[in-house]
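The values are calculated or read from the model by the stated rules, or taken from the named source; none is laboratory data. For clarity, every value in this text was computed on a predicted model and none was experimentally measured. Don't worry about glycine lacking a Cβ; one is built from the backbone with ideal geometry, like all the others, and counts go over all protein chains shown.
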Amino acid sequence: MRFFRRFFNRLANFVSKRNDNRRLQEEIEEHIALQTEENRYAGMTAVEARRQARLKFGAIGTVSEQYHAEQTLPFAENLFRDLRYALRQWKKSPGFALVAIVTLALGMGATTAIFSLIHSALRLPFPHAEHMVAIKNTYPAGMATVVSYPDFEDWKSRNTSFEHLAADYASRMTYVGPHEPVRINASSVSSGFLSLFGLNPVAGRDFSPAEQVKGAAPVCVLDVAFATQEFGSPASAVGRALALNGKSYSVVGVMPPMTPSIQRRAQVWLPLEAAPPWENHGNNYLFVVGVLRPGVLLTRAQGDLTVIQSQIDRQFPDNKHGIQLISLSEALFGSVRPVMLVLFAAVGFVLLIACVNLANMLLARSTERMREFGIRQALGAGPWRLVRQSLVESALLAAAGGSAGLLLAVAATRIPIQAWPKFLEAPGEVHLSGAILLFSAALVVLTSLLFGLAPAIQIFRHSAKVALQSDARTMSGAREQRLARAGLMAAELAFATLLVGGALHMVTYFVGLLRTDPGVRTDHLLSLSYSLPELRYPKDAEERLFYSQLEQKLAALPGVESVGASDDPPFASRPSSGDFLYEGGPVSRDHNLFTNIFFVTSGYLDTMQAHLLRGRFFSAQDTLTSPKVALINQSLAARLWPNQNPVGKHIKIIDNDWRQIVGVVADVCAEGAAQPAGLQVYLSTSQFNGGLSDISVVLRTRTDPMDYADAARQAVYSIDPALPISNLTPVQALAAQSIAAQSTAATLMGALGLLALLLASVGVYGVVSYSVSLRQQEFGIRIALGARRNQIFALLFSSTAWIAGPGITLGLLLAWPLNQWMRALLGKSQQLHPATLIWTTLLLVTVALLATLLPARRAAQADPMRAIRSE
Amino acid sequence: MGKKPDVLQGTLALMVLKTLDVLGPLHGYGVARRIEQISGDLLSVNQGTLYPVLLKLEHEGVIASEWGASENNRRARYYRLTRAGKKRLQAEAREWEQTAAIIAQFFKVKAEDFS
């Protein structure tokens, strides 16, 4: 109680800066006067009386201090005094303060921002996200695919490991609204799917159980952006009718978008059970997601489903297959996660380099402060006072740098979505990862405190006398300091080497990707896709007619050199695959060779300017009635008939006809510029029924492909004004998009590598510059004794080399295990090229030497007279 | 310099309170002299340390101060005991008596008492 009264009194005094010093002075004066009088009565002389009175009173200064201490908050007062002092120091050497704060801000801010961005993008914000798994079919060739409807239903009814099982089928449907028809993304979902992902209706409601049975009246739920775009607001969309693929669906609700979305972001959701597209065991099209029961492990669920599947397989032996369960986050992000990890590591290294820089700077300063602390100690400052001073300075530095870092991190998370890396779906919102912020803050605060305390700690170890005499060069602790600085610089260079090496590696890999021959010529090529609605094109004949009319119109456009079509756009292919039999090979179909199958028109490969290695492309002579033919790619040829001419041999695929191979095509990177081509078989659409309903057309143009976009669109509408077209883009854009992920990763790594180089060079410069300033006298003497400029240079370069050498070597040595880790992670068959290592070394050595150059020039210009005279 | 304690400060505070209780309002010098007389050597040097204690007690609310005229008609600050101060004095006096009694018991103890 008393404590609080006193405390509040003190606080009030402190804040109002009330100073009752005058009162104390008066009281003291009065006291001493009275004592003096007594002494005089006792017989002393006036002078002696006063003197004795003062002696009896005691040290006025101490009393004053104690009085004052009682009055206010000495803690706060001291703190402010220390802060003001620290700020004055900063004003004296603004360069140091600036560099320190920037280093801290970069280290903390960049790390936190990138961690948070990636963490947010990889987060699954669904309820039960940790228990969600994706379930796929597996086939003998090791492929994992989507699932069939009856399988899904069986699993749902018979399993014991899942709380919920739900499925999703992504398709494209034609929506005819007030404007021209468009293809939109539709998602047929099983019951409970939407709520599984935590989606709550913004307007209206989710599907009701009655709407999710076979044959129910068609209803749909819209995505909120789509609803707003088409109907003005979510609320006004409910109850309206939507024309999809010629049927009318009634809108029952509007949902917010699912982020991240499992498949393409859907604009409309439909109930799956009301009209499942295919209902037999062989047709796989569902993406199945399950929520494990609490306490059930993935392995147990896998076992459970495997048993169920084997039961199904007994009943339907033609469609037997295995099951694979993987966690949902692995399924969605599995391919991206390794790259993210590598980036994490890189950013971590940048943080380390920043901390090392900071430590070096603080150490350097500490030796300067030794002398000052020695003087202060001699004047009566207790050692703890000095420690407190150092603490306050370091804390101030950490606070300033930390806030700057926080600002940086927050700003970075507000990056507009357009700038978002394309391979990561932009998350709904980016959460600043508190954990990472704390971690990096702790790291830099620790560094600054640790190294900022160095001078004060030295006080405890050496007497004030030594400190006073100190001259940063001759102090006994100087050797330790030098070693510490050298060690830190070597560590910094090691990290920088690692980082730069990694960055170079990624960048060269990416450049290599860009350079690989995709197997076709991508320039001057326009692509567009369309999908013919069944209602108006029920038969194969109508589809063919449409295409041949379109092909004619497009070919007739001035500037169009050739036209062709295939089932998927170039570089974005999701080919079907199948097993096959080949001449001279095993007789049964179970020999585990699957190949990708591409349906193409006769003009396609020519338009794409694929490389024909042997034989011929498809031509007009290949029709439904002519002998069946096929084209294979080089890889398949080498696999099946190594060292032989495949032309003339036969292959049986898809149907029961033996087809003659009429040509061999060089590998084409159909699935993406970075994907290996694999085994490829081309079949002509003219020899099959169907296959022309959903295709991608390419035109080889003489000038810029987008010049022809309008004309192409017009060509389509002139045949069918109600047909939506999509993907009207130059093929080059498609190619670039297919390696967007690698491009972003390479860019980020490159940026980080540059940052590391910058930080390292600043660090080296700082350390060398500082040691030069310490050795001014020595250089002056050397010059006076006749040393020439290049000798001084050599001296400095060699001393840098002694530190940089081991540092860089350490980095190179560590690069090997790190590269192994990267390879295991990324699964790339990219060996670390010796060339990369050599370039890295050259870069780092150059940086170190350049950073030494400026201080070296200063050293060589040292005026001998001044240097000798300086203390 | 917080070595000199709290022990001294604590007893000093008590002495100040008792002095003011017995002798009524006094100025700082008066308190110092009376304590010196009663306690013998305890406060013969460093009388100045009284003033921080006075301030502390005033902050705690057990004494109050105001300006008045000293014997020589000069300005002096007079301290007096407040009601809270009286209560505190009584409480502390009781505590001291208790402590003294316990210690006295211990000193009376002989070896035979433990068996």
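What to note about this one:
- Leading residue by the ranking (nearest to the chain's Cα centre (by Cα)) among those in the stretch B:53-80 that are at the interface with another protein chain (Cβ under 9 Å from one of its Cβ atoms) and closer than 16 Å to A:ILE32 by Cα: B:ARG77
- Residue match in the stretch A:586-602 (condition: over 24 Å from A:THR145 (Cβ atoms) and of a type outside the set (Gly, Ala, Ser)): yes
- Count of residues meeting criterion [at pLDDT 80 or above and out of contact with any helix residue (DSSP H, G or I) (no Cβ under 8 Å at 6 or more places or on another chain)] in the stretch A:63-89: 4
- Residue under evaluation A:PRO234, criteria (1) at pLDDT below 85; (2) in contact with a Cys (Cβ under 7 Å, 6 or more places away or on another chain); (3) not β-branched (Val, Ile, Thr), criterion not met: (2)
- No other residue among A:ALA815, A:ALA801, A:ALA794 is modelled with pLDDT of 80 or more, part of a helix (DSSP H, G or I), among the small types (Gly, Ala, Ser) and within 23 Å of the chain's Cα centre (by Cα) apart from A:ALA815.
- Test: residue in the stretch B:32-40 that is closer than 22 Å to A:HIS68 by Cβ, out of contact with any strand residue (DSSP E or B) (no Cβ under 6 Å at 6 or more places or on another chain) and within 12 Å of chain A (Cβ to nearest Cβ): yes
- Comparison of A:GLY519, A:GLY512 shows that the only residue that is modelled with pLDDT under 90 and on the phi > 0 side of the Ramachandran plot is A:GLY519.
- Among the conditions (1) over 30 Å from A:GLY753 (Cβ atoms); (2) assigned to a helix (DSSP H, G or I), the only one that A:GLY177 does not satisfy is (2).
- The listed residue being in contact with a Leu (Cβ under 8 Å, 6 or more places away or on another chain), within 21 Å of A:ILE60 (Cβ to Cβ) and modelled with pLDDT under 85, out of B:SER65, B:SER70: B:SER70
- Count - residues of the stretch A:88-113 that are surrounded by 21 or more Cβ atoms within 10 Å (Cβ to Cβ) and among the aromatic types (Phe, Trp, Tyr): 0
- None of A:ALA751, A:ALA756, A:ALA709 is surrounded by fewer than 22 Cβ atoms within 10 Å (Cβ to Cβ), part of a helix (DSSP H, G or I), of a type in the set (Gly, Ala, Ser) and in contact (Cβ under 8 Å) with a residue 40 or more places away in the chain except A:ALA709.
- Test: A:GLU480 is at pLDDT 85 or above and surrounded by fewer than 22 Cβ atoms within 10 Å (Cβ to Cβ): no
- Reported count of residues in the stretch A:173-206, each being buried (at least 17 other Cβ atoms within 10 Å of the Cβ), within 31 Å of the chain's Cα centre (by Cα) and not hydrophobic (A, V, I, L, M, F, W, C), is 2.
- All positions within the stretch A:285-343 that are assigned to a loop (DSSP other than H, G, I, E, B) and surrounded by fewer than 20 Cβ atoms within 10 Å (Cβ to Cβ): A:ARG293, A:PRO294, A:GLY295, A:VAL296, A:LEU297, A:PHE316, A:LYS320, A:GLY334, A:SER335, A:VAL336
- Complete set of residues in the stretch A:10-21 that are at pLDDT below 70 and either under 13 Å from B:GLY61 (Cβ atoms) or more than 10 Å from chain B (Cβ to nearest Cβ) (or both): A:PHE14, A:VAL15, A:SER16, A:LYS17, A:ARG18, A:ASN19
- Considering residues of the stretch A:52-87 that are within 10 Å of another protein chain (Cβ to nearest Cβ) and small (Gly, Ala, Ser) only, the residue surrounded by the fewest Cβ atoms within 10 Å (Cβ to Cβ): A:GLY61
- Summed over the stretch A:209-232, the residues that are of a type in the set (Gly, Ala, Ser), exposed (fewer than 13 other Cβ atoms within 10 Å of the Cβ) and out of contact with any Ser or Thr (no Cβ under 8 Å at 6 or more places or on another chain) give a count of 3.
- Among (1) within 7 Å of chain A (Cβ to nearest Cβ); (2) modelled with pLDDT of 85 or more - the single one B:ARG83 does not satisfy: (1)
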